[in-house]
Amino acid sequence: MTPHGQVAVAFASALVDGDFSKAHALLTPTLRQEMTPASLREKLYSMWRGYSTGEPRSIHFDEEFSHEDWPAKLPGDIGWAYVGIEGDGFVEAVTVTVADVEGSLLIRDIEWGRP
C-alpha cells in the first residue's frame with residue numbers, strides 16, 4: 001500500500017472506530033485548527049443522517065482509487081485516496097489529500113461523501 005493510502009486508511013479506520021482524537025491527529029496543523037474531534041464526528045455522521053440512522057461498521061480501500069498526480073496537486077502533496085465507509089443502510093466515503101509536512105504524512109484536505 002502506498003504511504004498516502006496508509007494514512008487514508010488509518011484516518012477512515014479511526015473514524016469508523018469512533019476514535020476522533022486519533023483521526024484528528026492525522027490532520028495538518030492548519031486543518032487541526034479548523035476542525036475538532038467533535039466536528040470530525042459531526043461531518044462523518046452528516047454524510048448519511050438524511051437517509052439512515054445506521055452506525056459505521058467498516059471501510060473499503062482499493063489502490064485503484066488513489067493517485068499521486070492530479071490537476072489540483074499542490075507542492076508538498078504526495079497523493080490522494082478515496083476510502084469507502086460502510087454501515088447499516090449506507091455506503092459513503094471520504095477522499096483525503098495527504099501532504100508531507102516537515103517529514104510527517106498528514107491530511108491536508110478532506111472531501112466528505114461520495115462524488
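Derivation of every value follows stated rules applied to the coordinates shown; laboratory data play no part. No experiment lies behind these values; they were computed from the predicted model shown. So basically every Cβ, Gly included, is an ideal-geometry build from the backbone, and we count neighbours across all protein chains shown.
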What distance in nm lies between label points placed 7 Å from Cα along the C-beta direction at Lys73 and Asp100? 1.2 nm
Could you give the angle, 0 to 90 degrees to the nearest 10, between helix 37-46's Cα long axis and the longest principal axis of the Cα atoms of the chain? 60 degrees
Most mobile of Phe11, Phe61, Phe90 in a GNM of the chain (Cα contacts under 10 Å): Phe90
Report the Cα centroid-to-centroid distance between the stretch 4-19 and the stretch 46-92 in angstrom, as an integer. 10 Å
By Cβ neighbour count within 10 Å, fewest first, Tyr45, Tyr82, Tyr51 rank Tyr51, Tyr45, Tyr82
Distance between modelled label sites at Tyr45 and Lys22, nm, 7 Å Cα→Cβ extension: 2.0 nm
Which loop GluC sites (Glu not before Pro) in the stretch 1-98, with loop taken from DSSP, have no more than 16 other Cβ atoms within 10 angstrom of their Cβ? Glu68
Translational diffusion coefficient (Stokes-Einstein; Kirkwood radius from C-alpha pairs) of the chain at 4 °C, 1.567 mPa s, in µm²/s: 92 µm²/s
Would you compute, from DSSP H runs of 4+ residues alone, the mean residue ellipticity of the chain at 222 nm, taking -39500 (n - 2.57) per run and dividing by the full residue count, rounded to the nearest 500? -9000 deg cm²/dmol
Helix 3-17 vs. the chain, principal-axis angle (Cα, 0 to 90°, nearest 10): 20 degrees
